[in-house]
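Written below as structure tokens is the structure these notes are about.
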Amino acid sequence: MATEHQIELMESAARAQEAGDELRGERMIINMGPQHPSTHGVLRLVLELDGEEIINVWPDIGFLHRGDEKLAENMTWTQFIPYTDRLDYLAPLANNVAYAYAVEKLLGLEVPPRCQYIRVVCAELARISSHLLGIGTFGMDVGAITVFLYTFKEREKIYDLCECLCGARFTTSYTRIGGLANDMPPEFLPMLRKFLAELPATIAEVDTLLTRNKIFLDRTRDIGVLTKEQAVDFGITGPILRATGIEWDLRKAHPYGGYEKFDFDVPVGSVGDCYDRYLCRMEEMRQSIRIIQQAIDNMPGGAWNAPEAKIVLPEKKAVLTKMEELIHHFINVTEGLNAPSGEVYFSAENPKGELGFYIVSRGGGTPHRLKIRAPSFVNLQALPVMAKGHMISDLVAILASLDFVMGECDR
Amino acid sequence: MLVQRPKLTFWERLYLPQVLQGLWQTLSHIPRKKFTRQYPEEKPPLYGKYRGAPELVRDPDGRVKCVACQLCEFVCPPKAIRVVPGFRKEGASDASVEKEPSDFIINMNRCIFCGFCEEVCPEEAIFLLRDFSVSGYSREEMQFHKDKLLELGGVREDKIQKWKNK
Amino acid sequence: MEFVVITMAKIAVMLGVLLTVVAYTVWLERKVCAWMQDRVGPNRVGPFGLLQPLADGLKMMLKEDVLPRHITDKALYTLGPLMAMVPALVTAGAIPWGSQLPLFGRQIQCVVANLNAAVLVVFATSSFAVYGIVLAGWASNSKYPFLGGVRSSAQMISYEVCLALSVVPVFMQIGSLSLCHMVEYQTHHTWMIFMPWQWPSFLIFIISAFAETNRTPFDLPEAEQELVAGYNTEYSSMKFSMFFLGEYAAMFVMSAMMVTLFFGGWSLPFAPFNRPATTLWIGLAHVAIFLAKILVFLFLYIWIRWTIPRVRYDQLMALGWKIFIPLTIVNIVFVGIVLALWGGR
Amino acid sequence: MTFLDTLFWFLSIAMLLSGVGVIASRSPVTSAMFLVMLFVFMAGLFALLEAFFLAAIQVLVYAGAVMVLFLFVIMLLDVRASQQRRVKLLAVFGGVAVAGALAWELILILQQPVRPLAGSDTNLHGGLEAVVKPLFANYMLPFEVTALLLLVAMVGVVLLSKRDME
């Protein structure tokens, strides 16, 4: 990622080169974003064009920087949860889950199975929601606007589910350290079953409109190819990595949160172009349906919070009536849970890739340092390599297939 | 599991069959039931325990439940709440509670509706109720003071009645 | 003098009808796309949002006309939208809207200018629309509009050739360039679309027409995901709406050409709709039939737009030059052979 | 003066003014646009002569295709450089000489009595057949030779422009 100064340097270098050999035609430096319909947020790209062909791309990031990592140092572990909503704001539930597991790893805490299963449902719902948006905007960026509306219709139902589960559609803040904010409400499971029954129809609709459509294939096949080696070198994760043919899914590779109990496949591509990324996302949605189905069929009963009075807030009824719980409650909120000192790294397979939290704790209620490894940030690095030599129209397709979120990239 | 890249048949390579299928797909949507909601006339259904605007409640006796412990002020991640503690009136029926907020301000511009205040309140005095269209013309108007919050919150049933017998 | 008065009246009526239809095409576009996407579409202004075009027009007129400071050539900047809109309106004058209207004891032809080279006039006039886009792109003095303008001029020049060549077989069969003769021929024989050897011509014509009017899947000049809004990025207020009107008017004219060339114009293949009108009511019915047929094509335009993705610029040019132009020439030879063997005339 | 006369004078004067515009305007784009206007007015004159075919072709080929390509090239060039052109003495003399020769030629022609056209018996209305018949019947060979020549030129241009790519 280039700084302002570097971009200026590169611009002037390009101008000098341009003046050097006039016969090769004029190069054009064009700004794409931060306000552009297909940079999906506030990403600025400085493009060097020869006609419509892209000679160079310099992504300029940071327009959505809010200092989340610094903010974390000034609040308790629990208070940071709403901030994780705003990382990958297209899959807030998955971020909540990843953060909770990260802190629990620091604490050495195991959550009860019901909590694990609900968290699996959350993470997979978030995955479906994020991929629906990714595919919808992909369709829109190559010109098929109706696809976008069809997938958004389905996302709306996911938002209803989120609302039912945790009380908010977008900023869920659902998990707590050692558990969840609340148990599943009784009307949630029927709603979820209905949604799972309806979703394949929409996926099939998108299939009809895009998968075998020659125009779509022309726009995406062999566009923005990333080889296995390049992907590994850049540290790319998620569907983009898997589209290159590397079967690397943290849910399988380092199972966490009970994923080892579920039966699902990891889709991988063969070429690593935009089309493979699209296919991988489509298949991942189908696999997520399978996972959620298994989770709700085998949903364990019992507690949904770890029985740790010093970590999890006591039940409200007890707080209102018993002295000891009231004291715990106050200490827990004001001082935060007492974490041991140490360093842990936990990463989860988020819709966009590996979302990691590197926590440095010096004990006490707040993190000493919290580093977020955001998949969008890492994945976006590969853009210049992928875009070189393609046309502007291809760049749009590549951007859409990267499916990044600036909230997470800039943090 | 390798995702299959389709091999297009001769006809599919001529663009037409998929375009025709797509056309049929979109056409079949025309008579379908519309998904959108005509908002101001048609209110959205709110599922589950919806987290709307945070508001203060009274118990069935009309007593302000908040005891100004300031736990919500402490926990609020965006620091939207400010509690000005005060004392209850001498000799009043709820005088045993001792404290109450002399003012309670929620800056609705900052509130992120996370629900932490409700979660930590040891008195069940603040709730995120179902108001989702909080709006105003000025920043001042968006500072909700105690009276407004109490008015919005109304009366809430209290099964435990913690202070009844103290 | 009488000729001038009648022609003026015809022009006034034609423009009135044309602009109304164009305005409601915008409404139709919004409504149909909404239905296809499980939405409702405009429904606030008037019943079913029917007054929406009026509201839009009013809004456009009241909007501030922003003139960005980097625009140096204001005359050309203003000329752009005019050049985009006017040709489409002029073209409509060469197309027979109906047979004739017996009015005030006269037989009034339902065509503003009955030219014997009408088809060429249509192509010649509509080829002017490209100037609008090129000038807009250039005079905006800004990079995205410029790319849009360059794309569009290349696209329109390419597809004009296909468009003109693809209808040659139709004239070979009829032996006239007059659109009125076209319709007459089709009322006597059968519609061109029912003659299988004309199907390739029709297919190429309709696809080229999509490209010529810059509609999806060929809406590259204004591809909003790539070039923001292409050539009209810097435009606002009435100037912007002129581009809008121009696009829809061009759609209308192309639909009218398809109807006239291949679908029998104002006629239906049974009496009393297959011969020039004798009473006023039948004359008006002919106009209505013509407009109804056009509506079908406008619907097709909209329908396709909201279904399929957009092709890439180089793919579009390759399609035009490497596939369609050779195909049209082969098609001309093919139809020539068919007509020579079986005697089309 | 009849209606047609008025139209003739209007078109002629407008055409001449456009011609002046072509050489007088600073910006090449404006020049090109004046040239387009000139073509349109010229087509109008053809139409007055009831040569609709010629008029349509004039617009279609010159205004619709050739000038668009011109404009295309001008747009891609650096306009500022050509705006700062200076008047060269040689060019002025050459121009004046050519203009004088043209005027002299015109005067000579106009002094001749008006002769009927070669094929004046054919119906000139629309002029389509009048243009096409001689072209494909009497002058078939020159016509085809011209076509071949153009093709050769086109291939040559493609070859030349492709050369740097190797």
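The values are calculated or read from the model by the stated rules, or taken from the named source; none is laboratory data. Just so it is clear, the structure is predicted and the values come from calculations on it, not from any experiment. Backbone-built Cβ (ideal geometry, glycine too); neighbour counts: all protein chains shown. Surface accessibility is based on the protein's heavy atoms, side chains included, excluding ligands, DNA and RNA. Shrake-Rupley method; radii C 1.70, N 1.55, O 1.52, S 1.80 Å.
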So which aspartates and glutamates pass the test for B:Lys43, namely a Cα distance under 19 Å, with those fewer than 8 places away in the same chain ruled out? A:Glu156, A:Asp160, A:Glu163, B:Asp131, C:Asp38
Please state the Cα pair-distance histogram of region B:1-94 with 10 angstrom bins from zero: what percent is in each bin? 10, 18, 16, 14, 12, 11, 10, 6, 2, 0
Report the Cα-based extents of region A:315-411 along its three principal axes, largest first, to the nearest Å. 69, 30, 19
Could you check how much of the accessible area of chain C is carbon and sulfur, as a whole percent, using a 1.4 Å probe? 74
List the lysines whose Cα lies under 23 Å from the Cα of A:Lys317, skipping any in the same chain that are fewer than 8 positions away. B:Lys49, B:Lys65, B:Lys99, B:Lys159, B:Lys162, B:Lys164, B:Lys166
Checked region A:68-410 against the a/c 1.5 cut and the a/b vs b/c comparison, axes a ≥ b ≥ c from its Cα gyration tensor; verdict prolate
Rounded, prolate or oblate: which one fits region C:196-345, using the alpha carbon gyration tensor with axes a ≥ b ≥ c (rounded when a/c is under 1.5, else prolate when a/b beats b/c, else oblate)? oblate
Roughly how far apart, in whole Å, are the Cα centres of region A:340-366 and region B:1-40? 43
Using only the Cα atoms, work out Rg/Rh for the protein assembly as shown, with Rh taken as the Kirkwood radius, to two decimals. 1.06
Take the alpha carbon gyration tensor of region C:281-345, find the square roots of its eigenvalues, order them as a ≥ b ≥ c, and report rounded if a/c is under 1.5; if not, report prolate when a/b exceeds b/c, else oblate. oblate
Computed over chain A: longest principal axis from alpha-carbon atoms vs helix A:4-20 long axis, angle to nearest 10 degrees, is 10
Could you please state how large a percent of the accessible area of region A:68-410 is carbon and sulfur, counting protein chains only and using a 1.4 Å probe? 55
Would you calculate, for chain C, the mean residue ellipticity at 222 nm contributed by helices, counting each DSSP H stretch of 4 or more residues as -39,500 (n - 2.57) and dividing by all residues, to the nearest 500? -21000 deg cm²/dmol
Over the Cα atoms of region A:351-400, what radius of gyration and what Dmax do you get, in Å? 17.0, 53
Listing of region C:15-46 residues, each with accessible area lower by at least 20 Å² in the full protein assembly than in the chain alone (probe 1.4 Å): C:Trp35, C:Met36, C:Gln37, C:Asp38, C:Arg39, C:Val40, C:Arg44
Cα point-scatterer Debye curve for region A:18-172, base-10 log of I(q)/I(0) at q = 0.11, 0.19 Å⁻¹: -0.63, -1.22
Distance in nm between label sites at A:Asp233 and D:Leu76, each 7 Å beyond Cα in the beta-carbon direction? 3.4
Ignoring ligands and nucleic acids, chains C and A bury, in total, an accessible area (1.4 Å probe) to the nearest 100 Å² of about 2600
Given the C-alpha centroids of region C:169-212 and region C:27-53, what is the distance between them in whole angstrom? 34
R0 = 51 Å: FRET efficiency of B:Glu151 with A:Ala201, Cβ-based, nearest 0.05? 0.65
Using only Cα atoms, what is the ratio of the radius of gyration of chain C to 2.2 N^0.38 Å? 1.02
Heavy-atom accessible area per residue, the protein assembly as shown, 1.4 Å probe: how many Å²? 45
Would you mind calculating the relative contact order of chain A from Cα pairs under 8 angstrom and at least 6 residues apart, reporting the percent as a whole number? 25
Hey, rough spin-label estimate for A:Leu189 and C:Lys74, points 7 angstrom out along Cα→Cβ, what's it come to in nanometres? 7.3
A:Ile223 accessible area, 1.4 Å probe, all protein chains in place, Å² to nearest 10: 10
Helix A:274-297 vs. chain A, principal-axis angle (Cα, 0 to 90°, nearest 10): 10
For region C:118-159, what is the largest minus smallest coordinate of the Cα atoms on each principal axis, given in angstrom and ordered from greatest to least? 38, 17, 7
Expressed as a whole number of Å, what is the distance separating the alpha-carbon centroids of region A:97-139 and region C:306-345? 53
Theoretical gain in end-to-end length, A:Lys388 to A:Lys105 [0.36 nm per residue, Cα-Cα removed]: 97.7 nm
How large is the translational diffusion coefficient of region A:176-281 in µm² per second when you combine the Kirkwood radius over alpha carbon pairs with Stokes-Einstein at 4 °C and 1.567 mPa s? 78
Between C:Trp321 and B:Arg5, what is the FRET efficiency for a Förster distance of 30 Å, r being their Cβ-Cβ separation, to the nearest 0.05? 0.55
Of A:Lys194/B:Lys34; A:Lys157/B:Lys33; A:Lys157/B:Lys79, which sit over 20 Å apart, Cα to Cα? A:Lys157/B:Lys79
Tell me: how much accessible area in total is hidden between B and A, 1.4 Å probe, Å², nearest 100? 4600
For region B:61-87, residues shielded by at least 50 square angstrom of accessible area compared with the chain on its own, probe 1.4 Å: B:Leu71, B:Phe74, B:Pro77
Label 7 Å along Cα→Cβ of B:Leu16; region C:170-204 residues with amide nitrogen under 14 Å? C:196-204
Between chains D and C, total accessible area buried, probe 1.4 Å, no ligands or nucleic acids, nearest 100 Å², roughly 2100
Residues of region D:56-70 that become at least 50 Å² less accessible with every protein chain present than in their own chain isolated, using 1.4 Å: which are they? D:Ala56, D:Leu60, D:Val68
Rounding to the nearest 10 and keeping the result within 0 to 90°, find how far the Cα-based axis of helix A:392-402 lies from the longest principal axis of chain A. 20
How many lysine pairs are close in chain C, with Cα atoms under 18 Å apart and the two 8 or more places apart or on different chains? 4
Label B:Arg130 and B:Arg32 with points 7 Å out from Cα along Cα→Cβ: what is the distance between them in nm? 2.9
So the FRET efficiency between D:Ala99 and C:Leu280, C-beta based with R0 = 41 Å and rounded to 0.05, is 0.10
Relative intensity, log₁₀ I(q)/I(0), of region B:86-166 from a Debye sum that treats every alpha carbon as a point, q = 0.13 Å⁻¹: -0.51
